[in-house]
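The values are calculated or read from the model by the stated rules, or taken from the named source; none is laboratory data. Quick caveat, the model's predicted, so the values are computed rather than measured. Here Cβ is always computed from backbone atoms with ideal geometry, including for glycine, and neighbour counts include all displayed protein chains. Surface accessibility is based on the protein's heavy atoms, side chains included, excluding ligands, DNA and RNA. Shrake-Rupley method; radii C 1.70, N 1.55, O 1.52, S 1.80 Å.
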Amino acid sequence: MSLFRKAKPERILPQHVAIIMDGNGRWAKKRHLPRTAGHAAGSKTFKDIARYANKIGIKYMTVYAFSTENWKRPKEEVDNIMGILRQYLKDTDQFKEENIKLQFIGGRDRLPEDIQELMAKAEDDSKDFTGMHLNIAVNYGGRDEIVTAVKKIIEAGTPAEEVTDELISQNLYTAGQPDPDFIIRPSGEYRLSNYLIWQSAYAEFWFSDVLWPEFGPRHLEEALDSFSERNRRFGGV
Ligand code: FPP
(Lines give C-alpha, C1' and ligand atoms only; values in the text may rest on other atoms or scores of the structure.)
Protein backbone atom coordinates (compact mmCIF):
# COMPACT_ATOMS: atom_id res chain seq x y z
CA MET A 1 0.00 0.00 0.00
CA SER A 2 1.28 3.44 -0.83
CA LEU A 3 2.52 5.49 2.08
CA PHE A 4 0.87 8.48 0.55
CA ARG A 5 -2.82 8.32 1.09
CA LYS A 6 -4.75 10.43 -1.37
CA ALA A 7 -6.36 13.34 0.47
CA LYS A 8 -10.13 13.25 0.21
CA PRO A 9 -11.10 16.31 -1.78
CA GLU A 10 -13.25 18.81 0.07
CA ARG A 11 -16.84 18.73 -0.94
CA ILE A 12 -17.91 21.95 -2.62
CA LEU A 13 -21.25 23.07 -1.26
CA PRO A 14 -23.59 25.28 -3.25
CA GLN A 15 -24.02 28.77 -1.84
CA HIS A 16 -27.74 28.81 -2.38
CA VAL A 17 -29.96 25.76 -2.76
CA ALA A 18 -33.47 26.23 -4.15
CA ILE A 19 -36.04 23.45 -3.85
CA ILE A 20 -39.36 22.83 -5.58
CA MET A 21 -41.26 20.79 -3.01
CA ASP A 22 -43.27 18.75 -5.49
CA GLY A 23 -45.20 15.49 -5.26
CA ASN A 24 -47.27 15.92 -2.09
CA GLY A 25 -50.54 15.19 -3.91
CA ARG A 26 -49.22 12.04 -5.60
CA TRP A 27 -47.73 10.81 -2.33
CA ALA A 28 -51.17 11.12 -0.68
CA LYS A 29 -52.97 9.52 -3.63
CA LYS A 30 -50.69 6.49 -3.49
CA ARG A 31 -51.83 6.00 0.11
CA HIS A 32 -55.52 6.70 -0.57
CA LEU A 33 -55.27 9.81 1.58
CA PRO A 34 -56.60 13.31 0.87
CA ARG A 35 -54.19 15.76 -0.77
CA THR A 36 -54.13 17.73 2.49
CA ALA A 37 -52.38 14.77 4.15
CA GLY A 38 -49.71 15.08 1.47
CA HIS A 39 -49.12 18.72 2.32
CA ALA A 40 -48.93 17.92 6.03
CA ALA A 41 -46.28 15.27 5.28
CA GLY A 42 -44.51 17.70 2.91
CA SER A 43 -44.40 20.31 5.60
CA LYS A 44 -42.68 17.89 7.98
CA THR A 45 -40.13 17.09 5.27
CA PHE A 46 -39.58 20.81 4.75
CA LYS A 47 -38.80 21.36 8.43
CA ASP A 48 -36.46 18.35 8.58
CA ILE A 49 -34.60 19.36 5.42
CA ALA A 50 -34.25 23.01 6.48
CA ARG A 51 -32.87 21.88 9.85
CA TYR A 52 -30.46 19.46 8.20
CA ALA A 53 -29.27 21.96 5.58
CA ASN A 54 -28.61 24.51 8.31
CA LYS A 55 -26.66 21.91 10.29
CA ILE A 56 -24.35 21.01 7.42
CA GLY A 57 -23.58 24.63 6.62
CA ILE A 58 -25.78 25.60 3.67
CA LYS A 59 -25.91 29.39 3.78
CA TYR A 60 -29.02 30.12 1.69
CA MET A 61 -32.04 27.99 0.91
CA THR A 62 -35.25 28.89 -0.92
CA VAL A 63 -38.32 26.65 -0.93
CA TYR A 64 -41.39 26.96 -3.13
CA ALA A 65 -44.41 26.70 -0.80
CA PHE A 66 -47.13 28.34 -2.89
CA SER A 67 -47.01 29.74 -6.40
CA THR A 68 -49.03 32.52 -8.04
CA GLU A 69 -50.70 29.71 -10.04
CA ASN A 70 -51.64 27.66 -6.96
CA TRP A 71 -54.70 29.89 -6.28
CA LYS A 72 -56.41 27.85 -9.02
CA ARG A 73 -56.56 24.83 -6.68
CA PRO A 74 -59.75 24.01 -4.75
CA LYS A 75 -60.39 26.46 -1.90
CA GLU A 76 -60.13 23.66 0.66
CA GLU A 77 -56.60 22.86 -0.49
CA VAL A 78 -55.51 26.51 -0.59
CA ASP A 79 -56.89 27.02 2.93
CA ASN A 80 -55.08 23.90 4.07
CA ILE A 81 -51.69 25.12 2.80
CA MET A 82 -52.32 28.55 4.39
CA GLY A 83 -53.21 26.77 7.63
CA ILE A 84 -49.93 24.82 7.59
CA LEU A 85 -48.03 28.05 7.00
CA ARG A 86 -49.91 29.81 9.82
CA GLN A 87 -49.10 27.01 12.23
CA TYR A 88 -45.45 27.03 11.23
CA LEU A 89 -45.24 30.78 11.80
CA LYS A 90 -46.87 30.54 15.22
CA ASP A 91 -44.35 28.01 16.40
CA THR A 92 -41.70 30.69 16.84
CA ASP A 93 -39.48 28.77 19.24
CA GLN A 94 -38.20 26.64 16.42
CA PHE A 95 -36.58 29.66 14.71
CA LYS A 96 -34.75 30.57 17.88
CA GLU A 97 -33.51 27.03 18.47
CA GLU A 98 -32.23 26.72 14.95
CA ASN A 99 -30.80 30.21 14.47
CA ILE A 100 -32.38 30.27 10.99
CA LYS A 101 -33.04 33.67 9.44
CA LEU A 102 -36.42 33.72 7.72
CA GLN A 103 -37.56 35.71 4.72
CA PHE A 104 -40.72 35.45 2.65
CA ILE A 105 -40.62 36.10 -1.06
CA GLY A 106 -43.67 36.73 -3.21
CA GLY A 107 -46.60 39.14 -3.23
CA ARG A 108 -48.10 39.45 0.25
CA ASP A 109 -51.18 41.57 -0.46
CA ARG A 110 -53.31 38.62 -1.49
CA LEU A 111 -52.52 36.57 1.62
CA PRO A 112 -54.74 36.50 4.74
CA GLU A 113 -53.90 39.51 6.91
CA ASP A 114 -52.92 37.51 9.98
CA ILE A 115 -50.42 35.56 7.88
CA GLN A 116 -48.92 38.79 6.55
CA GLU A 117 -48.48 39.95 10.16
CA LEU A 118 -46.99 36.65 11.28
CA MET A 119 -44.55 36.76 8.35
CA ALA A 120 -43.40 40.26 9.24
CA LYS A 121 -42.97 39.22 12.86
CA ALA A 122 -41.00 36.06 11.99
CA GLU A 123 -38.70 38.08 9.74
CA ASP A 124 -38.19 40.70 12.41
CA ASP A 125 -37.62 38.17 15.19
CA SER A 126 -35.03 36.29 13.17
CA LYS A 127 -33.30 39.20 11.47
CA ASP A 128 -30.12 38.95 13.56
CA PHE A 129 -29.85 35.17 13.41
CA THR A 130 -26.60 33.99 11.94
CA GLY A 131 -27.56 30.52 10.66
CA MET A 132 -28.96 29.65 7.27
CA HIS A 133 -30.97 32.30 5.42
CA LEU A 134 -34.22 30.58 4.52
CA ASN A 135 -36.52 32.11 1.91
CA ILE A 136 -40.03 30.72 1.77
CA ALA A 137 -41.74 31.53 -1.52
CA VAL A 138 -45.46 32.18 -0.98
CA ASN A 139 -47.69 33.59 -3.71
CA TYR A 140 -44.47 33.68 -5.69
CA GLY A 141 -44.03 33.69 -9.46
CA GLY A 142 -40.80 34.46 -11.28
CA ARG A 143 -42.42 36.52 -14.02
CA ASP A 144 -44.47 38.43 -11.48
CA GLU A 145 -41.26 39.13 -9.56
CA ILE A 146 -39.55 40.53 -12.67
CA VAL A 147 -42.59 42.66 -13.59
CA THR A 148 -42.68 44.04 -10.02
CA ALA A 149 -38.96 44.85 -10.20
CA VAL A 150 -39.31 46.62 -13.57
CA LYS A 151 -42.22 48.68 -12.24
CA LYS A 152 -40.15 49.76 -9.23
CA ILE A 153 -37.27 50.77 -11.51
CA ILE A 154 -39.57 52.81 -13.77
CA GLU A 155 -41.37 54.41 -10.82
CA ALA A 156 -37.99 55.51 -9.45
CA GLY A 157 -37.48 57.44 -12.71
CA THR A 158 -34.42 55.43 -13.74
CA PRO A 159 -33.01 56.44 -17.16
CA ALA A 160 -32.93 53.52 -19.65
CA GLU A 161 -29.13 53.53 -19.89
CA GLU A 162 -28.91 52.84 -16.15
CA VAL A 163 -30.96 49.64 -16.35
CA THR A 164 -28.52 46.76 -15.91
CA ASP A 165 -28.57 43.10 -14.85
CA GLU A 166 -27.35 44.23 -11.48
CA LEU A 167 -30.12 46.81 -11.05
CA ILE A 168 -32.80 44.24 -11.88
CA SER A 169 -31.27 41.77 -9.38
CA GLN A 170 -31.28 44.49 -6.72
CA ASN A 171 -35.00 44.99 -7.23
CA LEU A 172 -36.01 41.33 -6.92
CA TYR A 173 -37.28 39.81 -3.67
CA THR A 174 -33.88 38.14 -3.30
CA ALA A 175 -31.92 41.43 -3.47
CA GLY A 176 -28.55 41.17 -1.79
CA GLN A 177 -28.46 37.36 -1.82
CA PRO A 178 -26.26 35.18 -4.02
CA ASP A 179 -28.20 33.65 -6.91
CA PRO A 180 -29.23 30.03 -6.37
CA ASP A 181 -26.46 27.88 -7.85
CA PHE A 182 -28.31 24.60 -7.29
CA ILE A 183 -31.97 23.80 -7.94
CA ILE A 184 -33.52 20.57 -6.72
CA ARG A 185 -36.82 19.25 -8.06
CA PRO A 186 -38.10 15.89 -6.88
CA SER A 187 -41.18 13.97 -8.09
CA GLY A 188 -40.08 13.22 -11.64
CA GLU A 189 -40.96 16.60 -13.17
CA TYR A 190 -38.35 18.40 -15.25
CA ARG A 191 -39.67 21.95 -15.27
CA LEU A 192 -38.81 25.20 -13.54
CA SER A 193 -42.49 26.21 -13.16
CA ASN A 194 -41.86 29.97 -13.00
CA TYR A 195 -39.45 29.52 -10.08
CA LEU A 196 -36.57 31.96 -9.66
CA ILE A 197 -36.36 32.30 -13.43
CA TRP A 198 -34.07 35.36 -13.36
CA GLN A 199 -31.84 34.10 -10.56
CA SER A 200 -31.37 30.58 -11.97
CA ALA A 201 -29.60 31.71 -15.17
CA TYR A 202 -26.39 29.82 -14.24
CA ALA A 203 -27.77 27.26 -11.78
CA GLU A 204 -27.09 23.53 -11.81
CA PHE A 205 -30.15 21.27 -11.64
CA TRP A 206 -30.83 18.01 -9.85
CA PHE A 207 -33.95 15.96 -10.51
CA SER A 208 -35.22 12.83 -8.81
CA ASP A 209 -38.29 10.62 -8.91
CA VAL A 210 -38.69 10.64 -5.15
CA LEU A 211 -41.85 12.42 -3.99
CA TRP A 212 -41.28 15.38 -1.65
CA PRO A 213 -42.74 13.79 1.51
CA GLU A 214 -40.21 10.95 1.06
CA PHE A 215 -37.27 13.28 0.44
CA GLY A 216 -34.79 12.84 3.26
CA PRO A 217 -31.31 14.00 4.24
CA ARG A 218 -29.85 11.14 2.18
CA HIS A 219 -31.43 12.55 -0.97
CA LEU A 220 -30.06 15.99 -0.17
CA GLU A 221 -26.64 14.43 0.41
CA GLU A 222 -26.83 12.62 -2.93
CA ALA A 223 -27.77 15.87 -4.66
CA LEU A 224 -24.97 17.78 -2.94
CA ASP A 225 -22.41 15.14 -3.91
CA SER A 226 -23.55 15.48 -7.50
CA PHE A 227 -23.19 19.26 -7.30
CA SER A 228 -19.72 18.95 -5.86
CA GLU A 229 -18.64 16.51 -8.60
CA ARG A 230 -19.83 18.89 -11.27
CA ASN A 231 -17.91 21.76 -9.74
CA ARG A 232 -14.65 19.98 -9.06
CA ARG A 233 -12.23 21.15 -11.65
CA PHE A 234 -9.54 18.50 -10.92
CA GLY A 235 -6.83 21.14 -10.81
CA GLY A 236 -7.94 22.74 -14.03
CA VAL A 237 -9.57 26.06 -14.44
C1 FPP B 1 -46.54 20.73 -4.69
O2 FPP B 1 -47.00 19.42 -4.65
C3 FPP B 1 -46.65 21.29 -3.36
C4 FPP B 1 -47.31 22.43 -3.03
C5 FPP B 1 -48.02 23.27 -4.03
C6 FPP B 1 -47.42 22.88 -1.65
C7 FPP B 1 -46.16 22.73 -0.89
C8 FPP B 1 -46.41 23.11 0.49
C9 FPP B 1 -45.86 22.52 1.54
C10 FPP B 1 -44.87 21.43 1.48
C11 FPP B 1 -46.16 23.06 2.89
C12 FPP B 1 -45.25 24.23 3.08
C13 FPP B 1 -45.23 24.65 4.42
C14 FPP B 1 -44.37 25.54 4.92
C15 FPP B 1 -44.44 25.81 6.35
C16 FPP B 1 -43.36 26.23 4.09
P17 FPP B 1 -48.33 19.04 -5.42
O18 FPP B 1 -49.47 19.24 -4.51
O19 FPP B 1 -48.40 19.84 -6.69
O20 FPP B 1 -48.12 17.55 -5.70
P21 FPP B 1 -48.62 16.73 -6.97
O22 FPP B 1 -47.91 17.30 -8.15
O23 FPP B 1 -48.20 15.35 -6.64
O24 FPP B 1 -50.11 16.90 -7.03
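At-a-glance table
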read-out: Global geometry of the chain, whether rounded, prolate or oblate, following the gyration tensor of its Cα atoms and the 1.5 cut on a/c; value: oblate
read-out: Helix-only [θ]222 nm of the chain, DSSP H runs n ≥ 4, -39500 (n - 2.57) each, per residue, nearest 500; value: -13000 deg cm²/dmol
read-out: Nearest-10 value in Å² for the accessible area of THR164, using the 1.4 Å probe; value: 70
read-out: Listed peptides 65-76, 31-42 by packing density, highest first (mean Cβ within 10 Å); value: 31-42, 65-76
read-out: Of all accessible heavy-atom area on the range 98-193, the percent that carbon and sulfur account for (1.4 Å); value: 49
read-out: Gain upon complete extension [ALA201, VAL147; 0.36 nm per residue less C-alpha separation]; value: 17.7 nm
read-out: Linear extension gain, GLU214 paired with SER193, 0.36 nm per residue minus alpha-carbon span; value: 5.5 nm
read-out: Length gained when the stretch GLU76-LYS90 is fully extended (0.36 nm per residue, less Cα-Cα span); value: 3.0 nm
read-out: Eligible lysines near LYS75 by straight Cα distance, threshold 28 Å, same-chain separation 8 or greater; value: LYS29, LYS30, LYS44, LYS47, LYS90, LYS121
read-out: Accessible area expressed per residue, the chain, with surrounding protein chains retained (probe 1.4 Å, Å²); value: 56
read-out: Antiparallel content of DSSP bridges confined to the chain, in %, to 5; value: 0
read-out: Residue list for the range 198-230, given a label point 7 angstrom along the Cα-to-Cβ vector of ASP165 and an amide N cut-off under 13 Å; value: 198-203
read-out: Rounded to the nearest 10 Å², the accessible area of ARG86 at probe 1.4 Å; value: 70
read-out: Carbon plus sulfur fraction of accessible area for the range 1-91, probe 1.4 Å, in percent; value: 56
